[in-house]
Structure formats: C-alpha cells, structure tokens
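I have placed the structure first, in the form of structure tokens, so that the comments after it can refer back to it.
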Amino acid sequence: MTWWLTFLVGCGIGFCAGLFGLGGSSLGTPLLRLLGMPALLALASPLPLTLPSALGGVVTFQKQGLIHWQVVGRTVAWGIPAVALGAWTTKFVPGVVLMLLTAVFILGIGVYGLSGLRGLLPTAGEKQLHLERIPVGSLLLNFLNGVLANGGGLVLVPFYQLAVGLDLRGALASSLASVAMLAIPEIGVHSSLGHIDWGTTFWLGLGVFPFTVLGGKLALRLSTPLLTRLYGGFLVLLALYFGIREILRL
C-alpha cells in the first residue's frame with residue numbers, strides 16, 4: 001500500500017471516530033484488508049493508535065473527576081492476562097478466521113448503532129456499583145479484544161453501564177482509563193508476533209488524529225442520532241461485503 005492511501009484510510013477512521021464515537025477504530029482492519037494488506041497486519045496495525053487517544057481522554061476526564069478507579073483497577077487486573085492471552089491466541093488462528101470474526105464484530109457495531117439502543121442506555125443517576133461482576137466480564141471482553149486487536153472501549157462502555165452500574169460519562173471516562181492500560185500488553189504481544197506494520201501505523205496516525213478533532217467539532221453542530229443510524233447501516237453493509245469477500249478467499 002502507498003503512504004497516501006494509508007493516510008486517507010487514517011483520515012476516514014479519525015473522522016468517523018470523532019463524528020460518531022462508534023466503531024471508528026474498527027474500520028481500520030476491513031479497509032486495510034480490502035486494499036490488499038495481509039490479514040494479521042490489517043488486524044493489528046491500527047491498534048497502537050488507541051493508546052495516545054485513550055491517554056488524551058484520561059487527562060481530560062481525570063480533571064473532571066469522572067474516572068472510577070475502583071472499576072478501572074479491577075478491570076485491568078483481570079484484563080491484562082486476558083488481553084495478552086487473546087493476542088497470543090492469534091498466532092494459532094488462520095487469518096481468514098480472524099477476518100470473519102472482525103466482520104461479525106463490525107456487524108454487531110452496525111446493528112447497535114442502527115437500532116438506536118445506545119440512546120436508550122441510562123445516562124445519569126446514582127446506582128449501586130456491582131464490582132463483583134467485573135472479573136468475569138473483564139476476562140471475557142478483554143480476551144475478545146486481544147483476539148481482534150481492539151482497544152476495547154466500545155464493549156467496555158455498555159458493560160460498565162448495564163452490568164457495573166456507572167452512568168454514561170463515568171463509563172466513558174473509566175473505559176478510556178482501562179483501555180490506556182490494557183493497550184500496552186496487547187500492543188506488546190501483537191508486536192512481538194510481527195502483526196504490526198509500524199510504517200502503516202505511522203501514516204494512519206497522521207490522518208487519524210487531526211480528523212478525529214474535525215469530526216468531533218462537526219458532531220457538536222449536527223443532529224447525530226439520524227447520522228449515527230445511517231453510519232450504523234453503512235457498517236452493516238461493510239461487514240457483510242467484507243465477510244463475503246473473506247469467505248470467497250476460502
């Protein structure tokens with residue numbers, strides 16, 4: 001892949017992440033794969049970009065006192081072995097299987113955005129926190145994140161809301177803190193296995209970061225519920241097309 005094409009992919013990922021806050025980073029794998037990158041490199045090369053993004057969010061939310069460190073600590077303690085094991089497992093899984101799993105995951109993101117369920121999740125109010133639910137949830141979700149080379153915020157936010165009992169802002173803030181810590185072992189394992197093309201990561205990053213800011217600013221001016229559903233529909237179509245292409249490779 002040429003550097004400018006990789007840069008354009010990064011621009012698209014960043015813009016969608018900033019505008020919709022829904023599955024932007026997950027776009028990287030199918031787009032890179034459809035453009036001809038080998039499966040494992042397409043899977044993990046976008047992963048390192050989650051670390052600086054998460055750290056930036058942690059700084060912002062920590063100043064506002066929104067991070068629940070009890071939740072983060074338990075998530076990370078159980079999540080580190082799970083995410084490392086998930087990343088290591090990719091060594092034994094055929095690339096086409098990982099691509100099909102990615103297609104299923106993106107399909108789920110698209111259905112989630114298309115359904116409007118995100119807007120129905122509780123957004124405020126004091127609740128009792130169910131910290132005892134974190135170990136099992138963290139093990140399962142972070143193993144999945146390791147296998148699919150995801151940052152994990154997309155699955156942690158609803159888990160924190162629906163299972164643990166955080167409000168939306170607390171769930172967002174705490175998920176970013178968890179992702180920032182869990183990304184380090186995940187990146188380390190995938191890098192040691194040779195699954196990260198750091199040149200691709202560099203050019204993706206040059207596009208991702210400025211266009212995430214642009215998408216975020218635009219989101220403040222637009223009515224996003226309808227746009228989010230349209231974007232969810234796009235993700236569904238992308239997942240189906242991507243999945244079919246991978247099945248045809250078998």
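If you check LEU176, LEU162 for being touching a helix residue (DSSP H, G or I) at 6+ places or on another chain (Cβ under 6 Å), open to solvent by 20 Å² or more (accessible area, probe 1.4 Å) and assigned to a helix (DSSP H, G or I), only one passes: LEU176.
Of the residues making up region 235-243, none is under 17 Å from the mean Cα position of the chain (by Cα), closer than 25 Å to GLY73 by Cβ and surrounded by 22 or more Cβ atoms within 10 Å (Cβ to Cβ).
Quick check: is even one residue across region 225-239 in a loop (DSSP other than H, G, I, E, B), at negative phi and at pLDDT 85 or above? The answer is no; no qualifying residue exists.
Hey, can you tell me all the residues within region 145-157 that are part of a helix (DSSP H, G or I) and touching a Phe, Trp or Tyr at 6+ places or on another chain (Cβ under 8 Å)? Answer for region 145-157, where residues must be part of a helix (DSSP H, G or I) and touching a Phe, Trp or Tyr at 6+ places or on another chain (Cβ under 8 Å): GLY146, LEU148.
Screening ALA171 on (1) modelled with pLDDT of 95 or more; (2) over 13 Å from the mean Cα position of the chain (by Cα); (3) of a type in the set (A, V, I, L, M, F, W, C); (4) surrounded by 23 or more Cβ atoms within 10 Å (Cβ to Cβ) shows it passes everything except condition (1). I'd like the full set of residues that are crowded, with 21+ Cβ neighbours inside 10 Å, under 11 Å from PHE209 (Cα atoms) and not small (Gly, Ala, Ser), limited to region 1-13. Answer for region 1-13, where residues must be crowded, with 21+ Cβ neighbours inside 10 Å, under 11 Å from PHE209 (Cα atoms) and not small (Gly, Ala, Ser): just ILE13.
Within region 180-207, if we keep just the residues that are loosely packed, with under 15 Cβ neighbours inside 10 Å and under 16 Å from GLY28 (Cα atoms), the residue that is farthest from the chain's Cα centre (by Cα) turns out to be GLY199. Is there a residue being closer than 25 Å to THR2 by Cβ and in contact (Cβ under 8 Å) with a residue 24 or more places away in the chain anywhere in region 228-235? Yes, the conditions are met somewhere in region 228-235.
Applying the selection to region 60-102, what residues are more than 18 Å from LEU129 (Cα to Cα) and of a type in the set (Lys, Arg)?
Step one: filter region 60-102 for residues more than 18 Å from LEU129 (Cα to Cα), giving 60-64, 79-102.
Residues satisfying the conditions are LYS63, LYS91.
When region 151-168 is examined, which residues are found to be more than 12 Å from the chain's Cα centre (by Cα) and not polar (S, T, N, Q)? Within region 151-168, PRO158, PHE159, TYR160, LEU162, ALA163, VAL164, GLY165, LEU166, ASP167, LEU168 meet the criteria. Of all the listed residues (ILE134, ILE187), the sole one being under 30 Å from GLY36 (Cα atoms) and among the aliphatic types (A, V, I, L, M) is ILE187.
Every residue in region 208-224 that is of a type in the set (A, V, I, L, M), assigned to a helix (DSSP H, G or I) and surrounded by fewer than 19 Cβ atoms within 10 Å (Cβ to Cβ), please. Hits for region 208-224 are VAL213, LEU214, LEU218, ALA219.
The values are calculated or read from the model by the stated rules, or taken from the named source; none is laboratory data. Here the structure is a predicted model, which is why all the values come from computation and not from measurement. With ideal geometry, Cβ positions are generated from the backbone for all residues, glycine too; neighbour counts draw on all protein chains shown. Remember, those area values only see protein heavy atoms, side chains included, never the ligands or the DNA or RNA. Shrake-Rupley method; radii C 1.70, N 1.55, O 1.52, S 1.80 Å.
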